[in-house]
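Colleague: Before I ask anything, let me first share the structure, which is written out below as structure tokens.
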Amino acid sequence: MADDNGSQPAHEPQLTPVGEKSLPARCKASTLTYCPTMDLIALVTEDDELRVFRLNGQKVLGGSFKGDPYLDEDDGRGEIRALRWKTTGHLIAVACADNTIRVISAFSGKTVHHYPAYQPDGESTARPVVKVTCLGWGVNFTDSKATQRHLLEAAGQVSVEDLLSPDTHPSKAAALLKADLPRELALLDIESSLPKLSTLPATGSDDDVFSSRASIDAIFHSISKSTSDAVDVMLVGFDDGTVHLRIFDCFEIGSLQIGTSLGNGGPCQILRHSSHPLSSTHALLALAPEGSPSPLHLLTLDLRFITRSGRYLSLLAHKTTQLQNLLRYIGQVQKQIELEWKNAQELPARYMRSVTEDLQEKCHCDFVTAAYHLVVTGDCFEPLKEFLVDIVGERGHKRWEKAVSTGYENVRRLTHECLLPALERCEVLLSRLIGLSKFYKLSEVLGLETSDLNAIVETLDCLHLLAHRIIIHANEELVEFNSFSRWFRHEIDMQSAEPMSQTLEELMEKTDMIEYPQTLEYIRGALTKSKLRRYIQQLPMMGVARPPPTSSDKWAPTGHDRSFYDTFKKLLKQSETPDEAQPAELPKINDLTKRLGLQFERVFGQIALTQRRGILHRSPLTLHPDCDKDVIDIKMCCEDTEKSLCVIYIATRSAKKKHLLCFYRVELDSENGVSSTRKTSTGAFDLQGGEIRQVQFVEDNTVMVLWSKDNGASYLLSLPFQAASPAKPDLAPFSVDYGIHDPRSPDPVTSATSVDLSSPDSPYTDLIKHSFPSDKGKARPIRIDVNGRRGRRAICVVYGDAMRYEVLDLDAELEEEEEEEQEDEFEDLE
């Protein structure tokens with residue numbers, strides 16, 4: 001089919017190239033992945049750096065998660081093992097060697113979530129380190145029956161993709177789908193009416209996701225119409241048979257061991273994952289340990305919590321995910337308040353330390369006593385005068401004033417504009433969960449306990465009270481400091497002026513403008529003993545003794561708290577009593593946020609445990625030993641919407657006959673979320689030579705095959721894999737002939753459809769979509785990844801040296817365009 005010099009005969013089709021990129025470093029071809037909704041290509045280089053490019057080769061985002069090798073921080077944990085795009089294309093998940101998952105925004109490049117996906121048992125310290133071998137990210141409708149009913153009522157005008165797509169215009173869905181008033185009332189929400197959260201100062205870290213308006217809107221204020229209908233499921237598979245599940249990007253369901261389904265008792269390796277929106281069953285391909293008679297197995301995971309919880313699962317997961325994000329937001333606000341409070345104290349403390357020693361030696365007093373003496377009597381000690389004139393001066397006073405006033409203002413602003421709105425948003429979300437927990441039909445299904453949620457509300461009320469105290473005292477002390485600052489500047493000018501000078505007389509006339517009561521109040525109190533110290537943790541400062549550590553578990557929830565809010569109010573009242581010799585110890589803002597985090601962890605853990613108990617797994621199929629684990633793919637389809645028939649397809653090549661493409665077809669019945677096997681059948685395409693090097697299912701019900709002939713020429717084939725439909729008998733020659741699966745057969749399939757691609761006159765030549773040059777080496781394609789979205793199907797090809805990739809448009813073939821141009825020319829001649 002190709003000449004020796006690599007030229008292409010006229011009958012061999014060529015796809016239109018739309019992009020090409022020469023990479024700065026070799027890439028790991030297995031990590032290539034094409035964004036499902038945008039023209040973005042993600043890959044990982046051999047030095048474990050993530051890179052995401054546009055079609056024009058421009059780098060969108062990227063980075064390395066390894067430490068600095070020159071500082072001996074590169075311990076291998078930052079090695080990237082897998083990449084996976086979310087179905088919306090807005091996020092990409094990165095699995096690293098330390099078994100953590102980073103969820104990165106495709107718009108900002110920031111790490112939105114970073115969490116562990118594997119927690120080893122305490123007794124298994126001697127076990128070898130497990131590795132991530134599979135990363136899947138699918139989406140499921142929470143009420144598949146209602147969705148199927150909508151699809152039938154729409155009569156083909158609405159597809160599954162339309163229901164899931166955030167870009168579908170609401171008027172289109174409203175015109176085709178019947179209104180559901182009870183559902184809309186049940187899902188009525190006021191969260192969108194709350195004011196937007198404010199941005200936080202940038203910290204410079206990778207997980208700094210609250211410093212920009214766009215990222216905060218994406219996390220907290222993105223209202224999707226599919227929020228109440230679908231839930232996305234992330235699945236992380238390991239080489240010991242463990243599967244870790246999370247829903248809504250970050251809400252943890254937990255880990256479970258599914259290797260027991262194989263019956264051999266040994267660890268299995270998870271290879272592939274697939275799911276379909278209309279089925280709560282997920283399909284996995286697992287590799288049994290070496291020495292097993294049949295190494296490849298199909299496993300199914302029945303996520304029954306999706307069908308049991310129905311529409312409320314999406315509501316629950318959405319609310320809990322928002323609460324997790326709010327908890328992170330509150331934690332960052334707390335740390336920022338502590339940092340601003342430290343900055344407000346550090347510079348004045350450094351100035352006062354510089355003069356205290358001289359005052360102690362010569363006047364036997366400290367700065368507070370000397371300043372108070374100066375305000376009351378007008379007599380300035382000599383060390384204090386030297387300090388005011390030579391050390392502080394006009395420039396130092398400006399620095400002092402800016403540091404303290406900015407610190408107070410930022411503490412007040414962060415508390416008022418960031419902390420309080422976040423606490424109010426938390427209480428609105430919790431009120432919805434409390435309502436669900438009181439509904440007895442749902443409380444056991446969702447795993448919600450009203451008492452635990454009420455305890456969280458009490459902690460939020462305590463934080464509310466503490467935040468208002470911070471604002472009140474910050475306002476008071478800021479007013480006092482402004483009076484102190486004016487007096488301080490006045491005294492610096494007074495002590496700097498020459499005796500009997502005109503300047504001194506003018507300054508003496510302005511003495512009556514000083515607010516002495518507030519100045520004295522500040523010197524005696526907030527200058528060294530601010531009331532904010534009761535509420536804000538003191539961070540370490542240079543030259544200042546670190547405060548004694550408090551008991552970290554003193555304010556942790558015990559489960560036997562009568563009313564923590566009442567206890568907190570009593571402690572707050574006692575701490576503000578001036579006659580108290582030993583004021584009561586009050587939980588600071590960091591203690592309350594830690595308590596809040598522990599309470600949320602308990603609620604989230606109970607929800608996850610309840611949902612995890614509803615997961616069933618089994619192995620409905622054992623593949624033939626001749627199936628090649630290196631060239632294999634899996635896909636779930638819904639072929640009959642009325643009967644909700646879900647079918648699992650597996651495509652693999654024969655290890656002995658590398659030109660034989662084998663298909664397994666497993667039909668599933670589902671009842672209340674529990675799947676059972678209806679029928680298993682097999683089929684095959686025999687390409688009569690060459691080698692099948694990769695297979696990948698595409699969203700348009702075809703399978704793309706990277707096939708090379710014996711002479712080295714490589715081709716892209718687009719083959720149908722679904723069974724022939726009685727309604728479309730004309731497709732029979734190009735469909736797989738499936739027969740009943742016989743597990744005792746010595747061959748993987750009983751019959752195969754012969755496909756002759758060697759002759760230009762063959763009826764199967766239309767299956768060839770693209771032909772590559774026959775040259776080997778750098779021009780040899782080694783990996784493909786197909787973006788199968790409607791209207792813009794493209795395929796990314798990585799070539800032999802892993803230093804270059806090319807993007808081809810599947811919907812525009814050069815040969816077809818030339819034929820259309822020739823037809824237009826003939827019409828013009830006529």
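Colleague: Would you grab the residues whose amide H sits under 5 Å from the one on Cys134? Only those 5+ places off in sequence or on another chain, please, with H modelled 1.01 Å from N.
Modeller: Amide H neighbours of Cys134: Gly237.
Colleague: Quick one: order Arg246, Arg533, Arg793 by neighbouring beta-carbon count within 10 Å, fewest to most.
Modeller: Sorted ascending by nearby Cβ count, the order is Arg533, Arg793, Arg246.
Colleague: So, one more: What ranking of Phe141, Phe697 emerges when the number of other C-beta atoms within 10 Å of each C-beta is taken as an exposure proxy, fewest first?
Modeller: The most exposed by this proxy come first: Phe697, Phe141.
Colleague: With only alpha-carbon atoms counted, please give the Rg and Dmax of region 323-539, in Å.
Modeller: 23.9, 88
Colleague: Hey, which lysines would be in cross-link range of Lys335, C-alpha to C-alpha under 17 Å, not counting anything within fewer than 8 residues on its own chain?
Modeller: Lys588, Lys594
Colleague: Oh, and also: By counting other Cβ atoms within 10 Å of each Cβ, how are Thr88, Thr242 ranked from fewest to most?
Modeller: Thr88, Thr242
Colleague: So if we plug the beta-carbon distance of Arg678 and Ile190 into 1/(1 + (r/R0)^6) with R0 = 51 Å, what FRET efficiency do we get, rounded to 0.05?
Modeller: My answer for the efficiency is 0.65.
Colleague: At a threshold of 8 angstrom on Cα-Cα distance, excluding pairs fewer than six apart, so keeping six or more, what relative contact order does region 323-539 reach in percent?
Modeller: 28
Colleague: Cross-link candidates for Lys778: which lysines have Cα within less than 20 Å, leaving aside residues fewer than 8 places away along the same chain?
Modeller: Within reach: Lys21, Lys28, Lys709.
Colleague: Which lysines, on any chain, are close to Lys362 with Cα under 24 Å apart, when same-chain ones fewer than 8 places away are left out?
Modeller: Filter leaves Lys385.
Colleague: My understanding is that a pair violates if its Cα-Cα distance is over 30 Å; which of Lys110/Lys569; Lys629/Lys769; Lys131/Lys635; Lys398/Lys573; Lys59/Lys629; Lys441/Lys679 do that in this structure?
Modeller: Result: Lys110/Lys569; Lys398/Lys573; Lys59/Lys629; Lys441/Lys679 exceed 30 Å.
We did not get these values from a lab; they are worked out from the coordinates using the rules stated. Here the structure is a predicted model, which means the values were calculated and not measured. Virtual Cβ from ideal backbone geometry, glycine too; neighbours counted across all protein chains shown.
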